[in-house]
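Participant: Provided herewith is a single structure, encoded as structure tokens, for subsequent inquiry.
The values are calculated or read from the model by the stated rules, or taken from the named source; none is laboratory data. Just so it is clear, the structure is predicted and the values come from calculations on it, not from any experiment. Note: ideal-geometry Cβ built from the backbone for every residue, glycine included; neighbour counts use all protein chains shown. Accessible surface areas use protein heavy atoms only, side chains included; no ligands, DNA or RNA. Shrake-Rupley method; radii C 1.70, N 1.55, O 1.52, S 1.80 Å.
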Amino acid sequence: MTTTADELREDVRRRYAEAAVAADAGGCGCTEDGGCCGNVACDGEAASFGEALYDAEQRGELPEAAVLASLGCGNPTAVAELREGETVLDLGSGGGIDVILSAKRVGPTGVAYGLDMTDEMLALARRNAQEAGIANAHFLKGVIEEIPLPAESVDVVISNCVINLSVDKPAVLAEIGRVLKPGGRIGISDVVAENRLSPEERARRGSYVGCVAGALSKGEYEAGLEAAGFDEISVDFTHDVADGMHGAIVKAVKRNEPVSRELPLVGASATSDCC
Ligand SMILES: C[S@@+](CC[C@H](N)C(=O)[O-])C[C@H]1O[C@@H](n2cnc3c(N)ncnc32)[C@H](O)[C@@H]1O
């Protein structure tokens, strides 16, 4: 059976809506059937995903519901070197954990935006930011393939385990290049495959909604970022997620010159029979 891009995106939205409702009820931020990014952290056994990736000091700065809803595969705020007064955008902000931490780092003269397509996640994130007493965080509804912000309006784009879930990765990378100011930077955590794994091999190692099957390879990430107008690109593996698949930190800086609109096709195809 072939799954279309729209169906795949709707699967992702539905699964993370369930996760938001579960986290809001004080439970684990993921359902138990193994199909959600971060579910392995729910039993406290694995540190590949979720709250275990934040240190005690950071967890202490956050409402419990934001920590429980954490479904990321890294800690982008720890690598983005945020500075006072900057504008930060978190793609796929979920329960708001990285937006709240970013808002605190950039302070009252800065702004932290969270963008997510799932209403339940947005509602949870807004409540978490309010509970944390944060006034400079704003949560936007939309998809990361069409970011609802003007060109050259953001200093730093962060994201935590979301780009692998996109059905159109070249569009996401182009949009990041569009909204960043010249010289702006990215600090992204994501699941990334070794170059030796084909899209079919990645799909055999885990589900799409579980943040495995849709992962880009290291080479695809590098090529996609270069085509989207970035320099100083690095993709560093940090921990194992599955055979040949890793949590990774992706960093890059937007070039000052105009970006080519001809982006190569990267990543798992938008249609899939994997899930
Ligand atoms: C694995 S969770 C990560 C949430 C958050 N970054 C964290 O670290 O806890 C993925 C989130 O991305 C959102 N998402 C997935 N694909 C998206 C897309 N194409 N556009 C906007 N949001 C998306 C989901 O609704 C969900 O909240």
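Participant: Kindly indicate whether residue 72 is outside any helix (DSSP H, G or I) and within 11 Å of residue 160 (Cα to Cα).
Facilitator: Yes.
Participant: Further, regarding this structure: With respect to residue 129, determine if the residue is buried (at least 18 other Cβ atoms within 10 Å of the Cβ), assigned to a helix (DSSP H, G or I) and either of a type in the set (Ser, Thr, Tyr) or in contact with a Pro (Cβ under 9 Å, 6 or more places away or on another chain) (or both).
Facilitator: Considered against the rule, which asks whether it is buried (at least 18 other Cβ atoms within 10 Å of the Cβ), assigned to a helix (DSSP H, G or I) and either of a type in the set (Ser, Thr, Tyr) or in contact with a Pro (Cβ under 9 Å, 6 or more places away or on another chain) (or both), residue 129 comes out as yes.
Participant: Would you mention how many residues in the range 187-208 are open to solvent by 10 Å² or more (accessible area, probe 1.4 Å) and not charged (D, E, K, R)?
Facilitator: The qualifying residues number 6.
Participant: Taking the residues in the range 228-275 that are part of a loop (DSSP other than H, G, I, E, B) and modelled with pLDDT of 95 or more as candidates, determine which candidate is surrounded by the most Cβ atoms within 10 Å (Cβ to Cβ).
Facilitator: Filtering first and then ranking leaves 228.
Participant: Looking at the range 96-104, is at least one residue among the hydroxyl-bearing types (Ser, Thr, Tyr) and more than 9 Å from the ligand (Cβ to nearest atom)?
Facilitator: Checked the range 96-104: at least one residue is among the hydroxyl-bearing types (Ser, Thr, Tyr) and more than 9 Å from the ligand (Cβ to nearest atom).
Participant: Looking at the range 107-121 only, could you name the residues that are surrounded by fewer than 22 Cβ atoms within 10 Å (Cβ to Cβ) and either hydrophobic (A, V, I, L, M, F, W, C) or touching a residue at least 60 places away in the same chain (Cβ under 8 Å) (or both)?
Facilitator: The answer is 111, 117, 119, 120.
Participant: Follow-up. Out of all the residues in the range 60-87, which are more than 13 Å from the ligand (Cβ to nearest atom) and either touching a Gly at 6+ places or on another chain (Cβ under 7 Å) or open to solvent by 20 Å² or more (accessible area, probe 1.4 Å) (or both)?
Facilitator: 60, 61, 64, 79, 80, 81, 82, 83, 84, 85, 86, 87
Participant: Another one. Name the residues in the range 163-179 that are within 10 Å of the ligand (Cβ to nearest atom) and either of a type in the set (Asp, Glu) or without any contact (Cβ under 8 Å) to a residue 12 or more places away in the chain (or both), would you?
Facilitator: 168 - this is the single residue of the range 163-179 that is within 10 Å of the ligand (Cβ to nearest atom) and either of a type in the set (Asp, Glu) or without any contact (Cβ under 8 Å) to a residue 12 or more places away in the chain (or both).
Participant: Ok, one more. Restricting to the range 1-26, name every residue that is away from the ligand (no atom under 11 Å from the Cβ), assigned to a helix (DSSP H, G or I) and crowded, with 17+ Cβ neighbours inside 10 Å.
Facilitator: Within the range 1-26, 22, 24 meet the criteria.
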